[in-house]
1. Scan the range 74-105 for trypsin sites (Lys or Arg not before Pro) in coil per DSSP, keeping those whose Cβ has at most 14 other Cβ atoms within 10 Å, and list them by number.
2. Taking H placed 1.01 Å from N in the peptide plane, check which residues at least 5 places from F197 or on another chain put their amide H under 5 Å from its amide H.
3. Mind checking the range 188-262 for chymotrypsin sites (Phe, Trp or Tyr not before Pro) that DSSP puts in a loop (not H, G, I, E or B) and that have at most 15 other Cβ atoms within 10 Å?
4. For the range 1-80, just the Cα atoms, rotate onto the principal axes and tell me the three extents in Å, largest first.
5. I need the trypsin sites (Lys or Arg not before Pro) found in the range 148-221, filtered to DSSP loop residues with at most 15 other beta carbons within 10 Å of theirs.
6. Using the Cα atoms as the points, what is the convex hull volume per residue of the range 212-260 in Å³?
7. Given the -39500 (n - 2.57) contribution per DSSP H run of 4+ residues, what per-residue ellipticity at 222 nm results for the chain, rounded to the nearest 500 deg cm²/dmol?
8. Rounded, prolate or oblate: which one fits the range 182-242, using the alpha carbon gyration tensor with axes a ≥ b ≥ c (rounded when a/c is under 1.5, else prolate when a/b beats b/c, else oblate)?
Amino acid sequence: RVRQIVAAVSEPRLRALATRLVSFGTRESMSSTTSPTRGIGAARQWIFDELTASSSRLQVSFDTHVIAPQGRFTRQTELRNVMAVLPGRSTRRIYITGHYDSPNLGSGGQQALNAAGGQNPQARADFDHDADAPGANDDGSGTVLTMELARAFAESGVQFDATLVFICWAGEEQGLVGSAAHAQALAAAKVPVEANFNNDIVGNIHGGNGVVDAETVRVYSVGPEDSMSRSLARYVQRIAALYVPSHRIRLMAREDRFGRGSDHSSFTRQGFP
């Protein structure tokens, strides 16, 4: 059954999904929500429709949060995480996620933004929120992987014990806002969450340092060494060696890359591995 699910993941479908996602021009969190062809509104509706069409077993909905002006949000913004639930035999949840929003940081990029005070609204006040931000890799790649895994798991015919939740997050580039709101609600409701597998920038084999690596996958997990997160990472490494021997798992003894962050940190803060 595991081999069947692994084999069901389609590279041509991943490429087609990524190409379509990029065609919306930008998915910046404060970009257009009214255009049917451009901006985050059109992108999130397409993700919703695509997940709905991919399997009748998936329960697809918008997880909506209204965010007041704060940090990198220069105005009140409605964020919509796109959620697809595959009900299991129990209420315990396992999350598979990626963020679908994309930023245009301006000509200076992240370094210039940091120098200007990256969390300061004024540092973004002059941004054109509808400027091109195709985000094919960050994080179009993680978004379409999450979508394809939702289809593969739902169409496998396997009845899982855990309830699987596939979410494409919004507001990641403004400070993990969409995932933080969701994780806080989970903790408040005491929902049993056993794991979050977050996919951020997973489609690239060319490193910024010139290294080309198509044969390893980095798995980040927060310590200490006997934490549930590290235990989960070691389990990933062991199982992947059995079923996907072409790719070696590199365990990274950090929660994330230096100077970077992603939505799994929202779960870490609530005590979820």
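1. R75, R89, R92
2. Y95, I96, T97
3. Those that pass, being in a loop and sparsely packed, are F258.
4. So the extents along the principal axes, rounded to whole Å, are 47, 24, 22.
5. Working: sites: R151, K190, R218; in loops: K190.
Hits after loop and neighbour filter: K190.
6. Numbers: hull volume 3.3 nm³, N = 49.
Dividing the Cα hull volume of the range 212-260 by its residues yields 68 Å³.
7. -10000 deg cm²/dmol
8. Details: a/c = 2.59, a/b = 1.74, b/c = 1.49.
Taking the square roots of the gyration eigenvalues as a ≥ b ≥ c, the range 182-242 is prolate.
Every read-out reported here was derived from the displayed coordinates using simple, explicitly stated rules and does not represent laboratory data. Keep in mind that what you see is a predicted model, and the values were worked out from it rather than measured. Virtual Cβ from ideal backbone geometry, glycine too; neighbours counted across all protein chains shown.
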